[in-house]
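The values are calculated or read from the model by the stated rules, or taken from the named source; none is laboratory data. Computed from a predicted model, the values in this text were never measured in an experiment. Every residue, glycine among them, receives a Cβ derived from its backbone with ideal geometry; neighbour counts consider all protein chains shown. Surface accessibility is based on the protein's heavy atoms, side chains included, excluding ligands, DNA and RNA. Shrake-Rupley method; radii C 1.70, N 1.55, O 1.52, S 1.80 Å.
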Amino acid sequence: MSLYIGPAQESGERAEGARFGWPPARHAGRGPETRRHPDSRPLPPELAALAATGFPPGPLMNALAEAERAGVAPFDALAASCGVSEDSLVATLAASIGVDVVQPEDFAGGPIDADTWALALRSGALRSATADGRTRLIVAARGERVGRLALLARGRGREINVALAGAQAFADLLTARAGPALAERACEGPAALFPELSVARLPVVPRPLRYAACAAAFAVALAAFWFDSVGLAAIGTAGLLFGTLNGFRLWLACTPASDGQPLRRGEDRDLPTYTVLVALAREAAVVPGLLDALERLDYPPAKLDIKLLIEQGDAETLGALAARPPRPGIEVLVLPPGGPKTKPRALNAGLLGARGQFLTVFDAEDRPDRDQLRVAVDAFRRGPANLACVQARLAIDNLADGWLARQFAIEYAALFDVVLPALATLGLPIALGGTSNHFRTAALRSVGGWDPGNVTEDADLGLRLARLGWTTRTIDSTTWEEAPVRLWPWLKQRTRWIKGFIVTAAVHGRDLPGLARRLDPLSFAAAQMLIGGVAATALAYPWVLALILWRGLDGSLLAPAESLAGAAFTGLHVTNLIVGYSAGLACGWMGIDRRGPSALVRDLITMPFYWLLVGAAAWRALYQIATARTSHWEKTTHGVSRRRATPPQM
């Protein structure tokens, strides 16, 4: 079975109502059964039904005005703005038009497959058989269906066997009945469409062979300290690797960004539905801040399809959501258990049910700029038809938490304010950040979504998009994040990142000729440097420094060269070392200049020590791969830093 919903299933969404005799979609306020408010403006059937129950007229008229302004269904505008709980509002509407509210027995119906789950969640309707064999239509209280149901049910609601459910109750019902089928589908990812581009299809290397390879690598590393020829060869190879990557970084540092176009703010009614996915795991500490950030987004609330994705059994996060409930329209999807327990698996489930033309991913601690979704929509409309993704900039806002957080901030500034915008300007592949990447939903489905077995699903997806003919750009909009404040959490997070880079290099390196045919030569070379090159230099850096120190202590490093070739070799290596540090410092300095604050310049001098920590994480990542923990996800704890109360204004 495929992960994706094709045109035939999409047409099924439109035909669902016709099978039950619903009138065709139209503006609900034009029907003969509308009710006029005292100011002579006609109310749509669903709002008129609520008015007949004594519902306050102010919120009804405000919702009608918002529906006309933003181009949304009147009931959606009301639910997002009236301040009444979704369940209460739905119960009042159901009673006023004479239909049932969804019942516990509806949750206990027969199991449904993942395609049915996805189609129902996106369309807002599910056909279900009752205990007496009758067909019952369960309808989510959202969209134009609500108005059509109000027209159809008036006076004959009990005859049509319809149950009305709030959007959250409807999602809970579907997920309860999909169960294992949904868990299995979310684990597929690109393996359903491109098996060769999935971690699941990597060849299984026997444990003795893995250990033997590690022992051989360790033996070569030790030999470099004792045998001059091995040491010189090792330093020369590492120097070539460093020189190539550092030259590439200097080129990128000299390439100006081209993503600073001013936002063209159009009418809200012209904006598409936008899906926002947030995967949560043991995130109780940041739930209130996350909900505040999501509810502050400058986008019509009724056009937002926000899904919080939570693993079943996460009582901590669910308890935090019960204490601080999200506003109506934000769905909490409690996903059935399954493996691997990774963020991309949860995102695949969210992608299945996504209703938006565009889709973005945020992390639990994120504080995106309020207008980021509008900026992304504008970028897609300006860009070419094959523009699949735009990456927002990420920045750190807990600089008060010490040296490690400040180094993290410099690293992010170099990457997201210098390197990625330059790659976008040059049209080269981009290793995406794990958050604030915005997609055309159709393009994301066409490449298979996220690989559930890859712990840096973002970098893998960025390369897969390029490989399959899609382009990625950056946007000048910022999402503020918190950096780890202690060494051990930082080390675990960085281990996961580098492990994912190594695995991504292995996945896409299985068919290098095929990758070369898909990409132009420059893009192919850039892909190797951005993924495999970064991991390789992280592994080599501490070892090369140790080797240089060893040679310095035994006197051989500064000894006169025995030949002209030896002198040239030593000079080349020293030059490469200087250029390498200069390239890293240049990118960091430019990032600070563009992002700020200028006080971070003082921390540039200690960046080489930070790189040693990155090297330690790289070797730890290699050890996890050797011990068959390729997809093991080491969770980063959030909500423990001293963040600014409000994001910095740039």
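What to note about this one:
- Peptides 622-630, 596-604, 532-540, ordered by how many other C-beta atoms sit within 10 Å of their residues on average, highest first, read 532-540, 622-630, 596-604.
- When the trypsin sites (Lys or Arg not before Pro) in region 286-330 are filtered for DSSP coil states and for at most 12 other beta-carbon atoms within 10 Å of their beta-carbon, the remaining sites are 296.
- The residues packed around residue 277, meaning those with a beta-carbon under 11 Å from its beta-carbon, carry a net charge of -1 if Lys and Arg are +1 and Asp and Glu are -1.
- Ordering of 252-263, 371-382 by burial proxy (mean other Cβ atoms within 10 Å per residue, highest first): 371-382, 252-263
- Here the calculated FRET efficiency for residue 606 and residue 265, from their Cβ-Cβ distance with R0 = 35 Å, stands at 0.25, rounded to the nearest 0.05.
- The residues packed around residue 534, meaning those with a beta-carbon under 13 Å from its beta-carbon, carry a net charge of +2 if Lys and Arg are +1 and Asp and Glu are -1.
- Of all beta bridges that DSSP places with both ends in the chain, some 30 percent have antiparallel geometry.
- Within the set [x] 75, 34, 22; [y] 48, 35, 27; [z] 53, 25, 21, the number that semi-axes √(5λ) of the Cα gyration tensor in Å takes when calculated for this structure is listed as [z].
- Peptide packing: for 96-103, 425-432, 42-49, the average count of neighbouring Cβ atoms within 10 Å per residue gives the ranking 42-49, 425-432, 96-103, highest mean first.
- From its DSSP helices (H runs of at least four residues, each -39,500 (n - 2.57)), the chain gives a residue-normalised ellipticity at 222 nm of -16000 deg cm²/dmol.
- Probe 1.4 Å - accessible area at residue 211, Å² to nearest ten: 110 Å²
- Rounded tilt (10° steps) of 57-70 against the dominant C-alpha axis of the chain: 50 degrees
- Nearby lysines by direct alpha-carbon distance to residue 343 (threshold 16 angstrom, same-chain neighbours under 8 apart not counted): 307, 492, 499, 635
- Global form of region 56-173, assessed from the alpha-carbon gyration tensor, a/c cut-off 1.5: prolate
- A cut-off of 5 Å between modelled amide H atoms, ignoring neighbours fewer than 5 places along the same chain, links residue 477 with 393.
- Carbon/sulfur fraction of accessible area - the chain, other protein chains in place, 1.4 Å, %: 61 percent
- Rounded if a/c under 1.5, otherwise prolate or oblate - region 571-637, Cα gyration tensor axes: oblate
- Calculated FRET efficiency, residue 62 to residue 522, Cβ-Cβ distance, R0 = 45 Å: about 0.25 to the nearest 0.05.
- Cβ-defined net charge surrounding residue 328, 12 Å radius [Lys, Arg +1; Asp, Glu -1]: -3
- Centroid-to-centroid separation of region 335-398 and region 123-151 [C-alpha atoms, Å]: 30 Å
- Heavy atoms of residue 550: accessible area, 1.4 Å probe, square angstrom to 10: 90 Å²
- Tensor-based shape of region 474-553 (alpha-carbon gyration tensor, a/c under 1.5 rounded, otherwise prolate or oblate): oblate
- If R0 is taken as 25 Å, the Cβ-Cβ distance between residue 298 and residue 442 corresponds to a FRET efficiency of 0.50.
- Accessible area per residue for region 257-416, computed on protein heavy atoms with a 1.4 Å probe, is 33 Å².
- Eligible aspartates and glutamates near residue 341 by straight Cα distance, threshold 18 Å, same-chain separation 8 or greater: 184, 188, 283, 311, 314, 316, 363, 451, 457, 458, 460, 634
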